[in-house]
Amino acid sequence: MKEIRQNGFALILVIVVIALIGVVVFLLTEDANTIVFQSDMAYLEAVERNLIASGLAWAKQNIKNGSKDICHKDIALDVTGLNIRVATLSVVIGTPTDNRVEVSTSCSRGRRTFRHNDKYKIRIFYESQTSKAQI
């Protein structure tokens, strides 16, 4: 008579190990998707802050220089120098006496888009001739 070999146990063990590896990969994929989502959100928040700061700096410089021809006009600024793929920035400067600025931003990454529209009051400190002489 022929002897019966028990190779089936090793095959079942290999199948169980492959199934466990599949479960681990599935769990790691979910964690990776969460990490990608959180990093995209952090990126968009940072880009939004940078766009707002750039718009306010531009407005402050133009108010300080006394540019009255840009008041109450929606001015779209070029943001290609910031190396942001999909972003827009527009600034509306109010009257030169109240120093109010409206900044509108939009930035996208993947399917997520951040839009921001808010008004700010800018403080401008003019250098006087006496302060220059004291330095």
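Values in this text are rule-based calculations from the coordinates and carry no lab data. Owing to the predicted nature of the structure, the values given are computational and were not obtained by experimental measurement. Here the Cβ positions follow ideal geometry from the backbone for every residue, glycine too, while neighbour counts run over all protein chains shown.
Of Val47, Val24, Val103, the residue with the greatest mean-square motion in the GNM of the chain, using alpha carbon springs below 10 Å, is Val24.
The length gained on full extension between Ser106 and Val25, counted as 0.36 nm times the residue separation minus their Cα-Cα distance, comes to 25.6 nm.
The distance from the alpha carbon centre of the stretch 1-73 to that of the stretch 86-105 is 32 Å, rounded to a whole number.
What FRET efficiency would be calculated for the residue pair Tyr120, Ala42, taking the C-beta separation as r and a Förster radius of 22 Å, to the nearest 0.05? The calculated FRET efficiency here is 0.40.
State, as an integer percentage, the relative contact order of the chain based on alpha-carbon contacts under 8 Å between residues 6 or more apart. Over the chain, the number comes to 18 percent. Of the labelled options [x] 55, 30, 26; [y] 113, 37, 22; [z] 58, 41, 20, which one gives Cα extents along the principal axes in Å as computed for this structure? Looking at Cα extents along the principal axes in Å for this model, the match is [y].
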